[in-house]
Amino acid sequence: MSPVSAQRLLDAYGRDLWKRIAAHKPKGLQLVASTGISFVVAADGTLLTLSISRSSGRSELDHLALQAVRLAAPLPPLPSALGVRPMTFEISFNFR
C-alpha cells in the first residue's frame, strides 16, 4: 500500500473515530476549555490506554473528556490494510 493510500485510510478512520467519541461529548456546558487526550487502540478496536496529554486546567472537564472516550469504546476496528499493531491517537477535546 502506498503511503498516500495508508494516510487516506487513517484519515477516514480518524473521522469515524471522532464521530463516535463526539456522540458522547457532554452538551450544554457553559465553559470554554480544551483538553488533550492520548489513547492507544488495538487492531480490534479495544481501547488499550487513555490519558490526558494536556490538561484544560479544570479537572472536571478533563474527566468529562476521558469519560467520552471511555463511553465510545469499543472503538471501530482499525482498517486491516494498516496492519495489526496498536495505534496511538491524540485529539484535542474542545468544550464550548
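Here are the numbers:
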{"read-out": "From Leu82, Leu78, residue being within 25 Å of Ala12 (Cβ to Cβ), more than 15 Å from the chain's Cα centre (by Cα), surrounded by 13 or more Cβ atoms within 10 Å (Cβ to Cβ) and not hydroxyl-bearing (Ser, Thr, Tyr)", "value": "Leu82"}
{"read-out": "Those residues of segment 30-40 which are under 15 Å from Leu61 (Cβ atoms) and touching a helix residue (DSSP H, G or I) at 6+ places or on another chain (Cβ under 8 Å), in sequence order", "value": "Leu31, Ala33, Thr35, Ile37"}
{"read-out": "Exclusive hit being over 19 Å from Ala12 (Cα atoms) and of a type in the set (A, V, I, L, M), set Val32, Val69, Val40", "value": "Val32"}
{"read-out": "Single condition Leu71 does not satisfy, out of (1) surrounded by fewer than 17 Cβ atoms within 10 Å (Cβ to Cβ); (2) assigned to a loop (DSSP other than H, G, I, E, B); (3) not charged (D, E, K, R)", "value": "(2)"}
{"read-out": "Answer residue from segment 1-50, given it is of a type in the set (Val, Ile, Thr), outside any strand (DSSP E or B) and within 14 Å of the chain's Cα centre (by Cα) and is farthest from Pro79 (Cα to Cα) among those", "value": "Ile21"}
{"read-out": "Pick from segment 51-66, criterion among the polar types (S, T, N, Q) and either part of a loop (DSSP other than H, G, I, E, B) or within 11 Å of the chain's Cα centre (by Cα) (or both), ranking: farthest from Met87 (Cα to Cα)", "value": "Ser56"}
{"read-out": "Residue in segment 1-12 that is surrounded by the most Cβ atoms within 10 Å (Cβ to Cβ), counting only those that are more than 14 Å from Glu90 (Cβ to Cβ) and touching a helix residue (DSSP H, G or I) at 6+ places or on another chain (Cβ under 9 Å)", "value": "Leu9"}
{"read-out": "Segment 30-68, residues that are surrounded by 14 or more Cβ atoms within 10 Å (Cβ to Cβ) and on the phi > 0 side of the Ramachandran plot", "value": "Gly45"}
{"read-out": "Single residue of Ser56, Ser51 found to be in contact with a Ser or Thr (Cβ under 8 Å, 6 or more places away or on another chain), over 18 Å from Tyr13 (Cα atoms), without any contact (Cβ under 8 Å) to a residue 24 or more places away in the chain and not acidic (Asp, Glu)", "value": "Ser51"}
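Bear in mind that the values in this text are calculations on the coordinates, not laboratory data. What you see is a predicted model, and the numbers here were worked out from it, not measured in a lab. Every residue, glycine among them, receives a Cβ derived from its backbone with ideal geometry; neighbour counts consider all protein chains shown.
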